[in-house]
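A.B. asks: My questions will all concern the structure given below.
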Amino acid sequence: MRGHARKQLLAVLGSCFAAALLPLAASAGSLRFFGNGVNDIDRAKIQIDNPADSNPGPPADIGGTDFTIEFWIRGSSADNRGTARCGSSYGWIDGNTILDRDRYNQPRSFGISLGSGRIAFGVNIANNVQTVCGSRDVLDNQWHHVAVQRVAATGVLRIFVDGIADGQATGPAGDLSYPDNGVPGNFCNGSCAFSDPYLVIAAEKHDAGPAYPSFAGFLDELRLSTVARYLGAFTVPAQPFTLDASTAALYHLDETSGTAVGDVRGLSNGFLRVGGNPTGPVWSTETPFSALGAGMLALQSTSYGAGESAGSVTVTVARTGGSSGAASVTYQTSGGTATPGSDYEGVSGVLSWASGDSSPKTFTILLLDDAIDEVDETAGISLTGASGASIGSPSTATLTITDDDLPPSPGVLRFQGSSQSVPENGGTVTLTVTRTGGSDGAVTVDYASANGTAQAGSDFTGVTGTLAWNPGDASSRTISVPILEDTLVEGSEAFTVVLSGASGGASLGSPSSTSITITDDDAPPPGAGTLQFSVSAYSVAENDGAATVTVTRNGGSGGAVSVPYSSGNGTAVAGSDYSAVSGVLNWASGDAASKSFSVPVFADAAVEGDETVQLALGAPSGGATLGSPASATLTIRDSTSSDPPAGFLDDFDRASGANIGNGWLEEMPAAFSLGNGIVVKNASPNTNRDSLVYRPAAENALDGEATIEMRLRNTAVGYPQVFVRLQTTGLGVNNAMVRYVLYIDGQVRRAVIARQAAGNNYAILATLNLSVAMNTTDSYRLCLRATGTDPVALEGRVERFTGGGWQPIGQANLADASASRVRTAGSAGFGGFAESSYTFDNFRRTTSP
């Protein structure tokens with residue numbers, strides 16, 4: 001064996017492997033793996049337990065205390081394409097496996113892998129799992145020292161790459177060693193049947209397939225320790241490890257031939273499983289120690305930066321871990337968003353050290369200043385082509401060039417004031433526009449007048465145009481608007497001028513519009529009177545076609561006067577419930593008769609309750625004043641009210657089984673009790689008969705409808721519901737009923753329409769967001785109707801009693817074309833859950849018979 005004369009024989013244990021060797025001044029070799037992955041090949045195996053007894057395993061069975069696992073690896077990203085999921089998951093098993101102490105389908109396991117070139121270290125205790133991932137890419141065909149460690153009492157996991165902390169997380173605490181009485185799992189029922197009680201290097205031990213890839217590359221100097229050796233950054237060893245009291249097992253991997261893998265202590269020896277194409281593993285003379293104590297060359301930082309006016313940035317390269325022999329490394333700049341020649345001067349060159357020289361070396365990157373306002377830019381710095389020493393980490397860095405040029409300030413354009421007034425005989429009004437906050441560049445802004453109560457052409461001359469400023473000009477600009485005088489008694493009127501379309505980078509400030517009030521200088525004739533609605537409330541049925549609204553003139557009729565009117569939505573919606581109107585009513589001098597206008601209303605088949613339209617009068621002209629009421633409400637009465645005919649109200653005073661009429665029967669199952677005219681739902685029995693009212697299938701063969709009135713007891717809302725059960729084509733077959741249900745889903749602002757098929761599985765068909773929150777004062781009504789066969793048409797409403805009638809606060813109309821299509825009628829009723837939150841009262845049919 002190479003260097004055998006300088007190694008010391010330590011121990012003899014077992015018949016298959018006797019000698020273990022102390023390290024030479026430089027490691028004699030390493031293992032090369034090819035990532036074959038399965039069939040129990042291309043890996044090294046170290047037995048850590050004998051399943052035939054309950055005795056403790058060899059020292060390599062670490063995990064009962066704190067531990068550190070460290071080694072050197074070299075590999076490329078082309079050969080290792082695995083990924084890892086970080087966090088509280090089994091994510092490490094998806095990476096290229098470096099070391100596996102997993103247990104198939106059992107806890108107390110750990111492993112190390114490569115995910116996208118980064119180290120992943122994961123543990124599992126009692127199915128409490130954590131994976132911590134590093135951030136540095138080690139797949140650059142350079143040797144890297146990797147150390148992972150775990151603190152048993154706290155579960156803290158740490159990763160170090162080339163002596164620098166690279167990741168930390170907290171996982172489960174406790175014993176992670178292989179159980180001495182453990183039962184091995186067997187994933188493959190074949191060659192891997194007895195792989196469980198092993199520590200496996202460079203492969204997933206249970207041959208779980210290509211989803212769990214193996215490491216391809218070189219591995220050397222594997223040391224297992226029973227302490228957490230590192231708390232922070234440390235100097236990477238420049239020569240092979242030596243034994244100390246905390247070493248559980250140490251593998252120099254210097255054998256160069258055969259299949260035995262020797263532990264320096266001689267207590268945890270292993271062996272190779274060779275095979276695959278290419279055949280692996282193989283012994284290699286590649287080592288991380290190219291020369292005794294040559295050290296490693298690395299950048300001193302992963303990031304450098306300066307302002308573009310700083311002139312230059314100095315980059316330092318350190319030689320650590322030894323200084324034996326001459327060494328050199330190539331540096332260069334490349335990539336990034338910065339442009340060589342305009343943002344910085346690109347550089348490349350070689351830094352050299354003589355034998356014994358470990359002082360840092362530097363090179364300089366010149367920065368180029370400009371006057372352009374731009375985002376911060378970056379360039380890459382890299383070390384390559386080391387000679388006489390190894391490249392350490394970091395070998396790449398980012399140079400950030402910070403922009404120090406102020407952005408241009410074109411300024412803010414705004415009116416000097418938001419309003420002003422002018423008499424109608426004032427001739428013109430002058431408006432001032434200012435430029436503040438900067439004057440860089442040429443800027444413009446458009447302006448235009450807009451009618452209000454004052455009209456262009458009769459009260460003022462409309463204006464449009466553009467204001468412009470040259471670079472450096474911050475003086476104000478003015479807009480002149482001619483004012484037109486007349487002899488009409490019309491009161492004060494107003495219009496606006498608006499700024500828009502600022503250019504040149506300028507922005508619009510506030511105010512960007514200004515209101516101009518023209519004060520009337522014409523005296524009103526005596527006794528012009530007051531104008532007002534005849535009443536504050538009007539009413540019309542939705543099938544009447546139109547409502548007539550009257551406006552009166554009282555207290556005088558001198559002079560011609562007028563008043564504008566308009567409509568607006570209340571609970572009624574223009575276009576669907578009524579036609580929006582606006583206009584002007586006029587009176588001649590001496591005319592005191594009432595004037596009127598019409599509001600068209602539309603009839604529909606929806607049961608929606610009464611709805612309202614808001615009416616308003618504007619500012620009168622001709623000297624008249626606005627009287628009271630100046631606003632009014634028009635109520636559109638619903639001609640399809642859901643209130644049933646007189647006598648059909650059921651206060652639950654009838655006996656169970658009584659005929660209510662129109663084919664409806666009352667039933668009183670054990671789920672309900674009656675007291676003081678109110679039905680209260682009891683705790684639900686083990687039955688689905690929670691409904692009070694059923695309708696025979698003979699009536700209205702293909703529809704069902706149900707309504708309840710209810711009141712909340714408290715705002716911890718329960719689940720009151722109305723439902724319609726409809727028979728499918730599988731009449732007489734179990735679960736052949738389709739149950740459509742409208743229910744309050746435990747929130748005071750929401751109801752749900754859903755479909756239940758077999759069992760208690762519901763499909764939500766619609767969510768009704770209520771316009772007002774439910775409370776414990778008002779009464780509410782849930783209404784559900786189902787008609788048709790394919791699809792089933794559903795109408796669901798939640799209504800609130802406001803004192804003037806029932807008003808919808810949530811409504812949905814939809815079609816259900818599911819596979820459960822209705823063929824015959826069923827039954828309707830109501831029920832619910834969390835019964836202490838509400839009461840039922842007064843059952844009514846949804847529509848009149």
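The values are calculated or read from the model by the stated rules, or taken from the named source; none is laboratory data. Remember, predicted model here, so these are calculated numbers, not experimental data. Heads up, the Cβs are rebuilt from the backbone with ideal geometry, glycines too, and the neighbour counts pull from every protein chain shown.
A.B. asks: Quick check on the range 795-814: of everything there that is hydrophobic (A, V, I, L, M, F, W, C) and modelled with pLDDT under 85, which residue is surrounded by the fewest Cβ atoms within 10 Å (Cβ to Cβ)?
C.D. replies: Only one residue fits best here, namely Phe801.
A.B. asks: Out of Tyr344, Tyr447, report the one residue that is within 30 Å of Asp521 (Cβ to Cβ) and at pLDDT 90 or above.
C.D. replies: Tyr447
A.B. asks: Wholly within the range 95-200, which strands (runs of 3 or more DSSP E) include no fewer than the required count, namely at least 3 residues that are under 31 Å from the mean Cα position of the chain (by Cα), within 27 Å of Ala386 (Cβ to Cβ) and among the polar types (S, T, N, Q)?
C.D. replies: The strands (runs of 3 or more DSSP E) meeting that bar number zero.
Table: residues versus (1) within 22 Å of Arg158 (Cα to Cα); (2) at pLDDT 90 or above; (3) among the hydrophobic types (A, V, I, L, M, F, W, C).
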position	(1), (2), (3)
Leu224	yes, yes, yes
Asp244	yes, yes, no
Ala260	no, yes, yes
Glu286	no, no, no
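A.B. asks: In this structure, is Gly63 more than 30 Å from Ser390 (Cα to Cα), modelled with pLDDT under 90, within 44 Å of the chain's Cα centre (by Cα) and crowded, with 17+ Cβ neighbours inside 10 Å?
C.D. replies: no
A.B. asks: I'd like to check something: does the range 415-422 contain any residue that is under 45 Å from the mean Cα position of the chain (by Cα), surrounded by 14 or more Cβ atoms within 10 Å (Cβ to Cβ) and not acidic (Asp, Glu)?
C.D. replies: yes
A.B. asks: Take the range 214-265 and flag every residue that is part of a strand (DSSP E or B), of a type in the set (Val, Ile, Thr) and farther than 30 Å from Thr83 by Cα.
C.D. replies: Answer for the range 214-265, where residues must be part of a strand (DSSP E or B), of a type in the set (Val, Ile, Thr) and farther than 30 Å from Thr83 by Cα: just Thr247.
A.B. asks: Something else now. I'd like the full set of residues that are small (Gly, Ala, Ser) and farther than 11 Å from Gln149 by Cα, limited to the range 50-76.
C.D. replies: Ala52, Ser54, Gly57, Ala60, Gly64, Gly75, Ser76
A.B. asks: Considering only residues that are part of a loop (DSSP other than H, G, I, E, B), in contact with a Leu (Cβ under 9 Å, 6 or more places away or on another chain) and farther than 18 Å from Val498 by Cβ, which ones fall in the range 458-476?
C.D. replies: Ser458
A.B. asks: Which of (1) within 17 Å of Ile753 (Cα to Cα); (2) surrounded by 21 or more Cβ atoms within 10 Å (Cβ to Cβ); (3) at pLDDT 65 or above is the odd one out, the single condition Thr787 does not satisfy?
C.D. replies: Result: Thr787 fails condition (2) only.
A.B. asks: Here's another thing I want to ask about it. Quick check on my filter: what residues within the range 557-574 are of a type outside the set (S, T, N, Q) and closer than 18 Å to Phe597 by Cα?
C.D. replies: Within the range 557-574, Val561, Val563, Pro564, Tyr565, Gly568, Ala574 qualify.
A.B. asks: Output the number of residues of the range 423-457 satisfying the condition of being part of a strand (DSSP E or B) and either without any contact (Cβ under 8 Å) to a residue 12 or more places away in the chain or surrounded by fewer than 20 Cβ atoms within 10 Å (Cβ to Cβ) (or both).
C.D. replies: The total comes to 11.
A.B. asks: Look through the range 294-308, keep the residues that are outside any strand (DSSP E or B) and not polar (S, T, N, Q), and return whichever of them is farthest from Thr384 (Cα to Cα).
C.D. replies: Glu308
A.B. asks: If you don't mind, there's one more thing I want to ask. Tell me, please, whether a residue that is farther than 23 Å from Arg150 by Cβ and buried (at least 24 other Cβ atoms within 10 Å of the Cβ) can be found in the range 231-249.
C.D. replies: Yes, that holds for at least one residue.
A.B. asks: With the requirement that a residue be under 12 Å from Gln300 (Cβ atoms) and surrounded by 12 or more Cβ atoms within 10 Å (Cβ to Cβ), what does the range 352-362 give you?
C.D. replies: Result: Pro360, Lys361.
A.B. asks: Quick one: which of Leu250, Leu231 is free of Cβ contacts under 8 Å to residues at least 40 places away in the same chain, on the phi < 0 side of the Ramachandran plot and in contact with an Asp or Glu (Cβ under 7 Å, 6 or more places away or on another chain)?
C.D. replies: Of Leu250, Leu231, the one residue that is free of Cβ contacts under 8 Å to residues at least 40 places away in the same chain, on the phi < 0 side of the Ramachandran plot and in contact with an Asp or Glu (Cβ under 7 Å, 6 or more places away or on another chain) is Leu250.
A.B. asks: For the range 700-754, which residues satisfy the criterion of being modelled with pLDDT of 75 or more and farther than 22 Å from Ile809 by Cα?
C.D. replies: Across the range 700-754, the qualifying residue is only Arg739.
A.B. asks: Out of the range 368-412, which residues are assigned to a strand (DSSP E or B) and in contact with a helix residue (DSSP H, G or I) (Cβ under 9 Å, 6 or more places away or on another chain)?
C.D. replies: Residues satisfying the conditions are Glu377, Ile401, Thr402.
A.B. asks: Another question, if that's okay. What residue, of Ser109, Ser89, is at pLDDT below 95, in the same structural domain as Asp162 (by TED's automatic domain parsing) and surrounded by fewer than 16 Cβ atoms within 10 Å (Cβ to Cβ)?
C.D. replies: Exactly one residue qualifies, and that residue is Ser89.
A.B. asks: Follow-up. Does Gly558 fit the bill of being in contact with a Pro (Cβ under 8 Å, 6 or more places away or on another chain), farther than 30 Å from Ser421 by Cα and at pLDDT below 90?
C.D. replies: no
A.B. asks: Does Gly258 qualify as being buried (at least 16 other Cβ atoms within 10 Å of the Cβ), more than 43 Å from the chain's Cα centre (by Cα) and of a type outside the set (A, V, I, L, M)?
C.D. replies: In short, no.
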